[in-house]
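Below: the structure, in structure tokens.
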Amino acid sequence: MYFSEDDINFDLLTSSIQFEELSYDLLSRQGFHTLKWRQGGADNGRDIEALYTTGNPLTGPITEKWFIECKYYTNGVPLNEISTKFDWASVEWARHLVVITSSYLTTATRSWVDLRMQHERFLFHLIEGKQLKSLILQFPDIVIKYFKSESEKLLIDLIRSWTYHNVLPNRRALSILIKDLDYTKLTPYELSFLSIASAISTGGLDYASVHEGLEERFDSVIEYLIIQKNHETDVFPTLNVVHGSQVGFGSLMENEVYTYYMKATLTIDCDGKLIPANLLVIYNDLGEGVEVVLYRNHENKTIIRHINEGSEEYAFSTSSILIEKFH
């Protein structure tokens, strides 16, 4: 999924405890270690205590103590919320004091900090809302965990199940899922997965599902998939296919645009490495279509071609090659 600062809405967090948990996750991803989350009771001037190790050829590893205070605020953080944290950092010989906040320090608080730091041995670091968003964006899994919808989280889980276990959800479950997704945020790989899974998953749509309008959403998936095209010429002939199976045709019963498809399961030789993949050619009565090759590995690779004309003929010729060669 594509993420921007707009995807990170701190108002979605349920409590200051969850904000501390978010900060803990972020610190652990950035190389801090021996983290202590001081939950419950007095925190002695920090919500999280951590160590960070650096080094150089002259002295070797250098480990420093960091105190981290987390402030989940909508408005500016007042002075009384952080003043004692400086006392504890000084008394306990911290090397660094960090304040992480979802908002910002008030002007008065910032002025006090500037004066206080003229007389301290430790270093002070301030991470305010906008900078915090930039740091979080470096770790998509953290964005998903704290700020994305259940549908978006489910999509990630479905792709993981397919990648590791070759398990696809049934079509009805997919059709219900994708009604809540924002397709503009999905990567080409995620759109390819939705299109292939929707077409070839076991367990079709029942009569009631069609009349609920569930299947019509697949046309929207294909439209966004075309926008993400990354290949201009026929894809299948360029692949080093060493095995093909489960070749067949089908239809998405009452789709308004893209109704028919040809599907196949492939094994592709990629520089000596055999990678399983799925091929899908989906097309309509006007000859327009899309060719998709989705690799089932951990590199999120997909090839997408928009077919302007002759898609049905291309689907039949490709299936004939696969059947003749591997059956």
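The values are calculated or read from the model by the stated rules, or taken from the named source; none is laboratory data. What you are looking at is a predicted structure, and each value in this text was computed from that prediction instead of being measured. Please note: Cβ atoms are built from the backbone with ideal geometry, for glycine as well, and neighbour counts cover all protein chains shown. Accessible surface areas use protein heavy atoms only, side chains included; no ligands, DNA or RNA. Shrake-Rupley method; radii C 1.70, N 1.55, O 1.52, S 1.80 Å.
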Inset, instruction - Would you mind calculating the gained length between residue 125 and residue 269 on full extension (0.36 nm times residue separation, minus the Cα-Cα distance), in nm to one decimal? - result: 46.8 nm
Legend entry - For region 55-131 versus region 248-327, the gap between their alpha-carbon centres in whole angstrom: 56 Å
Legend entry - Anchor residue 185: aspartates and glutamates whose Cα lies under 18 Å away (excluding residues fewer than 8 positions away in-chain): 5, 6, 7, 141, 150, 152, 157, 219, 223
Inset, instruction - Please return the longest stretch of the chain lacking exposed loop sites, where chymotrypsin sites (Phe, Trp or Tyr not before Pro) count only if DSSP places them in a loop and at most 12 other Cβ atoms lie within 10 Å. - result: 94-327
Inset, instruction - Report the local net charge at residue 1: Lys and Arg +1, Asp and Glu -1, summed over other residues whose C-beta lies under 10 Å from its C-beta. - result: -2
Legend entry - Beta bridges by DSSP in the chain, antiparallel share as percent, to the nearest 5: 75 percent
Inset, instruction - Considering Cα pairs under 8 angstrom that are at least six residues apart, work out the relative contact order of the chain and quote it in whole percent. - result: 11 percent
Legend entry - Area accessible to solvent at residue 141, 1.4 Å probe radius, in Å²: 70 Å²
Legend entry - Cβ-derived FRET efficiency at R0 51 Å, residue 286 paired with residue 56, nearest 0.05: 0.20
Legend entry - Bins of 20 Å, starting at 0 and running to the largest distance - Cα pair percent for the chain: 26, 38, 26, 9, 0
Inset, instruction - Normalising by the residue count of region 1-101, find the relative contact order in percent from Cα pairs under 8 Å and 6+ residues apart. - result: 23 percent
Inset, instruction - Can you list which of the GluC sites (Glu not before Pro) found in region 222-327 are DSSP loop residues with at most 13 other C-beta atoms within 10 Å? - result: 232, 254, 256, 299, 309
Legend entry - Using θ = phi - 60° and Karplus 6.51 cos²θ - 1.76 cosθ + 1.60, couplings along region 157-169 (whole Hz; Gly, Pro as x): 5, 5, 5, 5, 5, 5, 4, 8, 10, 6, 10, 10, x
Legend entry - Length-normalised contact order for region 240-327 - Cα pairs under 8 Å, 6+ apart - percent: 24 percent
Inset, instruction - Mind checking the full-extension length gain between residue 227 and residue 301? Use 0.36 nm per residue of separation minus the Cα-Cα distance, one decimal, nm. - result: 25.0 nm
Inset, instruction - Mind pulling the angle between the C-alpha long axis of helix 188-200 and the longest principal axis of the chain? Nearest 10 degrees, somewhere in 0 to 90. - result: 40 degrees
Legend entry - Amide H within-cut-off set for residue 71, under 5 Å, with H built and near neighbours excluded: 100, 101, 102
Legend entry - Flagged links, alpha-carbon separation over 31 Å, of 36/301; 36/153; 179/301; 36/148; 65/148: 36/301; 65/148
Inset, instruction - Using a 1.4 angstrom probe on the protein heavy atoms only, line up 106, 59 by accessible area, largest first. - result: 59, 106
Inset, instruction - Enter the angle in degrees (range 0 to 90, nearest 10) between the Cα long axis of helix 311-326 and the first principal axis of the Cα atoms of the chain, meaning the one along which they spread out most. - result: 90 degrees
Legend entry - Cα long-axis angle, helix 107-116 against the chain (0 to 90 degrees, to the nearest 10): 60 degrees
Inset, instruction - Order the following by accessible area, largest value first: 318, 267, 84. Probe radius 1.4 Å; ligands, DNA and RNA are ignored. - result: 84, 267, 318
Inset, instruction - Give me the number: length gained by fully extending residue 87 to residue 164, i.e. 0.36 nm times residue separation minus the C-alpha to C-alpha distance, one decimal in nm. - result: 22.6 nm
Inset, instruction - For n ≥ 4 DSSP H runs only, could you compute -39500 (n - 2.57) per run for the chain, divide by its residues and tell me the 222 nm figure to the nearest 500? - result: -11000 deg cm²/dmol
Inset, instruction - Please list the non-local residues whose amide H lies under 5 Å from the amide H of residue 124, H modeled 1.01 Å from N, same-chain partners needing a gap of 5 or more. - result: 97
